[in-house]
1. What number of residues within the range 55-81 are loosely packed, with under 14 Cβ neighbours inside 10 Å, at pLDDT 90 or above and not hydrophobic (A, V, I, L, M, F, W, C)?
2. Output the helices (runs of 4 or more DSSP H) that fall wholly within the range 68-112 and possess 1 or more residues being in contact (Cβ under 8 Å) with a residue 12 or more places away in the chain, or say none.
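The values are calculated or read from the model by the stated rules, or taken from the named source; none is laboratory data. Note that this is a predicted model, so its numbers are computed, not measured. Here Cβ is always computed from backbone atoms with ideal geometry, including for glycine, and neighbour counts include all displayed protein chains.
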Amino acid sequence: MARLVVVQAADVVPAELLEAYRRDPRRAVHEEAIVCLVCGVALRQLTNTHTLGHGLTTLEYKHAYGYNLRRPLMAHALRRLYADRAVRTRLAARIRRRPVVEDPEVRRRGGTRGISFEEFLTRRDIQRAPRRRWSARGEQGRFLPGNNVNSGQSLRRA
């Protein structure tokens, strides 16, 4: 059973926890920090400078540990802060370049891309999750009372 660990920026993660993060890199991203999977230091953001200190670019880091290429290497709180600021300053209205319109190769691919290790793990977890099943039906073909997944909730609209 996995234990919940709260990681703050500037913490150094124990070796056994670092190994667990390397097996599932999604767990290395926390609310207030992201853990570098090379050295185990928790930071608010993994910068180019930090990854270059390990001899890796951010792109090589993402490939090495299986992150999606578009994933920001930053804590959830910092990402929300940047997203809120972008909405407040109307950043999207100032972006003029649309690759899908300009580049025929991007349009030809139709948005297809490779699947990273992180995405593979997420899809696997979804497949392993218990699915909602309808319960048995009675003689008239209706669901038996109290046996369905939403027991106690009416499926009819008022």
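1. Total satisfying the criteria: 4.
2. Counting at least 1 such residues, we get 76-88.
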